[in-house]
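Shown next, in structure tokens, is the structure this report addresses.
The values are calculated or read from the model by the stated rules, or taken from the named source; none is laboratory data. Note that the coordinates shown come from a computational prediction; the quantities given were computed from them, not determined experimentally. FYI the Cβ positions are ideal-geometry reconstructions off the backbone, even for glycines, and counts take in every protein chain you see.
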Amino acid sequence: MLYILDIYSNSIHLGGSPADIIVVKGLVKRFGDEVAIDGLDLVVREGDMFGFLGPNGAGKTAAVRVISTLTNFQEGEITVGGYDILKEPKKAKRLMGVIQQHISLDKDLTVRENMMHHALMYKIPPGERKKRIEALAGYVGLEEYMDRTIDSLSGGWKKRAAIVCSILHEPKILFLDEPTVGLDIQARRLLWDLIRKLNDGGTTIFLTSHYIEEIEALCDTVGVIDKGKLIAYGTPPDLCNKIGSTAVEYYSPHHTTEYRYFPSRNEANEFASTLGSEYTVIIRNTSLEDCFVELTGKKVEDG
């Protein structure tokens, strides 16, 4: 059974309020005959850490590319910071910084040279460029890497350099599309800390991922997308409570693991007591992964 938190609940209105920094209505994106995004409605609040969760091929990257004006779309309306991205794309773009899955920095240039190139591209005044570059390099801990080429850096430091380049113009929104793919655990956690720091400073974060633990650890609000459709929206506790706040995980004599969800631990305990001694039983809090599987019928890594 699917449990869906209606996007219109919790006082969220797709007409757009001063607190809604991204409003998407009826978005459709096709690649030839393939529908990548199928009537997407979405709201992101200003200052939020928003997580876009879905299996591979669900439409996450396509949605980010459309909202951030990197590709076109066939149907729908999108406003960013109150600007319609078709009617006023330049004004909308000034509010955005974008980190794509694949680093787009010039690998043969140094970190400093890449940053200066982006400062010129964003038309940052000459008197501001060096000051902003030095301040942001210090902010993310890149000082000792500034004169090294991008190609010589590890994946985690490349991501940090890319983030600095994307926020030199002081965007209000930072799009991070699968930012920790390919990073080791330590580098991933360091990047999580940086993302939190940016959000604490007032930057709205739009984070796509198929790592459930990443979304659960970082995000205030979560949207779940599958087959190009938004199928759930809310805080992680909201979504978990929709299926039941307490999970009973039990391994049967038939060598299969089953799951049942209950609104209270007492009800979970009562159910667990009905299982025979041949079962291995775990009673725990419901996780976002449980919710995802219930919503989509698949594991998050599935395509």
One residue from Ala268, Ala232 being farther than 30 Å from Lys29 by Cα, surrounded by 15 or more Cβ atoms within 10 Å (Cβ to Cβ) and not basic (Lys, Arg): Ala268
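Per-residue answers, yes or no, for (1) of a type in the set (D, E, K, R); (2) over 29 Å from Arg189 (Cβ atoms); (3) modelled with pLDDT of 95 or more:
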site: Leu70; (1), (2), (3): no, no, no
site: Glu77; (1), (2), (3): yes, yes, yes
site: Ile99; (1), (2), (3): no, no, no
site: Leu120; (1), (2), (3): no, yes, no
Within segment 168-189, track down each residue that is on the phi < 0 side of the Ramachandran plot, crowded, with 19+ Cβ neighbours inside 10 Å and either among the charged types (D, E, K, R) or at pLDDT below 90 (or both). Asp177, Pro179, Thr180, Arg188
Filtered residues of segment 136-163 (kept if aliphatic (A, V, I, L, M), outside any helix (DSSP H, G or I) and more than 18 Å from Pro179 (Cα to Cα)): Met146
Can you tell me which residues in segment 276-303 are touching a strand residue (DSSP E or B) at 6+ places or on another chain (Cβ under 6 Å) and either surrounded by fewer than 15 Cβ atoms within 10 Å (Cβ to Cβ) or farther than 30 Å from Gly57 by Cβ (or both)? Tyr279, Thr280, Val281, Ile282, Ile283, Arg284
Among (1) outside any helix (DSSP H, G or I); (2) closer than 20 Å to Val140 by Cβ, Arg188 falls short only on (1)
Would you mind telling me which numbered condition in (1) under 25 Å from Arg45 (Cα atoms); (2) in contact with a helix residue (DSSP H, G or I) (Cβ under 6 Å, 6 or more places away or on another chain) Pro171 fails? (2)
